[in-house]
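Asks: Before we start, here is the structure in question, set down as structure tokens.
Each value in this text was obtained by applying a stated rule to the coordinates, not by laboratory testing. What you see is a predicted model; the values in this text were computed from it and never measured. Virtual Cβ from ideal backbone geometry, glycine too; neighbours counted across all protein chains shown.
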Amino acid sequence: MVEKQSKLEEKARSWMIERGVTIDDIADLVLFLQKKYHPTLDIAICRDNVDHVLRKREVQNAILTGIQLDVMAEQGELVQPLQNIIFEDEGLYGVDEILALSIVNVYGSIGFTNYGYIDKVKPGILAKLNEHDGKNVHTFLDDIVGAIAAAAASRLAHSYHEDIVQ
Ligand code: MG
């Protein structure tokens, strides 16, 4: 089933791909979060839940805002001292986490636990986004990706609870 995507959704999805994050990368994170509760969980179901999260406007807004700031920092286009703060991914900044919380909120409070956990463990694509190679900036994107995975995992958990997986 192909649903019509808004311009906003199209942009959000294509910007994530351009920044090196695929739906499958996020689906892997969802599987990581949920496999202990559902050992037979299929990656296709994880992918489907990620897709649902990406259809939400508040998620698309967070993606576009966060990536825009990452890219501007990468290109040295932000005003100081914000340029250095975002470029260096300064620990006390915290606005990246706050922006990502607008995504976690979408599917209720289980999302918070998942978000905190995945941010601490940083599996898969999250480790890659956190490499801090001095060239690529993913200060916002790492939290956004973790939040999308957390929201998708929480949607999946709710749907299992209601015996509806899709
Ligand atoms: Mg961050």
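Asks: If you take the Cα atoms of the chain, find Rg, then find the Kirkwood Rh from the mean of 1/r over all pairs, what is Rg/Rh?
Replies: Expressed as Rg/Rh, it is 0.97.
Asks: Using Cα pairs closer than 8 Å and at least 6 residues apart in sequence, work out the relative contact order for the chain, in percent.
Replies: Relative contact order comes out at 32 percent.
Asks: Another question about this same structure. With θ set to phi - 60°, apply the Karplus curve 6.51 cos²θ - 1.76 cosθ + 1.60 along segment 54-60 and write out the HN-Hα couplings as whole Hz, x wherever there is a Gly or Pro.
Replies: My calculation for segment 54-60 gives 5, 7, 7, 4, 5, 6, 4 Hz in order.
Asks: Just name one of Ala12, Ala44, Ala27: the one whose Cα is farthest towards the positive end of the charge dipole of the chain (beta-carbon charges, Lys/Arg +1, Asp/Glu -1).
Replies: Ala44
Asks: Express the relative contact order of segment 99-166 as a whole percentage, based on alpha carbon pairs under 8 Å and six or more residues apart in sequence.
Replies: Dividing the mean separation by the residue count of segment 99-166 yields 47 percent.
Asks: Size of the dipole of the chain about the Cα centre, Lys and Arg at +1 and Asp and Glu at -1 on the beta carbon, nothing else charged, in debye to 20?
Replies: With Lys and Arg at +1 and Asp and Glu at -1, about 420 debye.
Asks: Now for a different question. Through the Karplus equation 6.51 cos²θ - 1.76 cosθ + 1.60, θ set to phi - 60°, convert the phi angles of segment 108-114 into ³J(HN,Hα) values in whole Hz; use x for Gly and Pro.
Replies: Once θ is set to phi - 60°, the couplings for segment 108-114 become x, 6, 4, x, 4, 4, 4 Hz.
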